[in-house]
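I have placed the structure first, in the form of structure tokens, so that the comments after it can refer back to it.
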Amino acid sequence: MIDPFGRTISYLRVSVTDRCDFRCVYCMAEEMEFLPKSELLTLEELDRVCSAFIRHGVRKLRLTGGEPLVRRDIMTLFRALGRHIKTGALDELTLTTNGSQLAKYAVELRDCGVRRVNVSLDSLDPAKFTEITRRGRLDQVLEGLAAAKAAGLAVKINTVALRGVNEDELDDLVAWAGGEGFDLVIIEVMPMGDIGGENRLDQYLPLSLVRARLQRRWTLDDTDYRTGGPARYATAAAGRYGGRAPCTSESRNQRNRGCRSR
Ligand code: SF4
């Protein structure tokens, strides 16, 4: 599959729901109006669409949301898509998740052919975590991460850098992720239009500043390691750290919200 600019398209990200069990302050309003279910593709339709893309050359498929694991019977879709891993038509089936349901699903995901997960996590402070997500529990996510690790899934942590919220924790997050054997990608907050609450621009923390601060503690060596997304990686003594700015097109499209739209 070739786009109008001559680029080969081999990586597809599919949002399977706009719903989420969290309400991160930079992503959603507290009271959300979600799409009517009748406007969503059914799981069977999603399978047909994804399979059509795979027939046309997609080799890597990521399911996102909202939170993909809160969609009812979502494992039916993972199981169906797993058949493309078995036949070798698909190289990678993966997902981006807030981790709240991972303890329940990690083993089943692995059995469906998933080998890597991106997990969104902005703070290791339980109170701050709940403040950012409005309704999330850090212990539940850490339990999910432990389950993913035990199931043999490689984990990449996505952290949104937020001025005045978690900027003092980024150093510790790099150390923690390295200790756990997780990659860590720090993402600039993106403006999402009117989603209530604080002004996103007040929380904006440029990646250049994040990197300069990290360099006070870590020696960062740029690498050409890539995971298919737009992040650029460096290694720190603690592990692998990456940074990425949000895509402009995603910032413009509020319907395309989701776990770091990743
Ligand atoms: S950022 Fe992710 S976890 Fe947070 S509300 Fe949005 S979709 Fe849910």
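The values are calculated or read from the model by the stated rules, or taken from the named source; none is laboratory data. Worth saying up front: this structure is predicted, and the values here are computed from it rather than measured. Glycine also receives a Cβ, built like all others from the backbone with ideal geometry; neighbour counts cover every protein chain displayed. For the accessible areas, the whole protein counts, side chains as well, though only heavy atoms, and no ligand, DNA or RNA atoms are used. Shrake-Rupley method; radii C 1.70, N 1.55, O 1.52, S 1.80 Å.
Every listed requirement among (1) in contact (Cβ under 8 Å) with a residue 24 or more places away in the chain; (2) charged (D, E, K, R); (3) closer than 30 Å to ASP122 by Cβ; (4) more than 16 Å from the ligand (Cβ to nearest atom) is met by ARG59 save one, (3).
A single entry from VAL70, VAL49 fulfils the requirement of being within 26 Å of PHE129 (Cα to Cα) and β-branched (Val, Ile, Thr): VAL70. Flag set for VAL119, criterion: touching a helix residue (DSSP H, G or I) at 6+ places or on another chain (Cβ under 7 Å), within 25 Å of LEU205 (Cα to Cα) and at pLDDT 95 or above. Being in contact (Cβ under 8 Å) with a residue 40 or more places away in the chain, farther than 25 Å from ARG226 by Cα, within 16 Å of the ligand (Cβ to nearest atom) and open to solvent by less than 10 Å² (accessible area, probe 1.4 Å), is that true of even one residue in region 150-169? Yes, there is a match, as at least one residue in region 150-169 is in contact (Cβ under 8 Å) with a residue 40 or more places away in the chain, farther than 25 Å from ARG226 by Cα, within 16 Å of the ligand (Cβ to nearest atom) and open to solvent by less than 10 Å² (accessible area, probe 1.4 Å).
Scanning region 134-143 for residues that are in a helix (DSSP H, G or I), within 13 Å of the ligand (Cβ to nearest atom) and of a type outside the set (A, V, I, L, M, F, W, C) gives a single hit, GLN140. One residue stands out in region 24-43 among those that are farther than 14 Å from GLY66 by Cβ and open to solvent by 20 Å² or more (accessible area, probe 1.4 Å): the one that is farthest from the chain's Cα centre (by Cα), namely SER38.
I need the strands (runs of 3 or more DSSP E) fully contained in region 44-133, keeping only those with at least 1 residues that are closer than 30 Å to ASP171 by Cβ, open to solvent by 10 Å² or more (accessible area, probe 1.4 Å) and hydroxyl-bearing (Ser, Thr, Tyr). It comes to 60-64.
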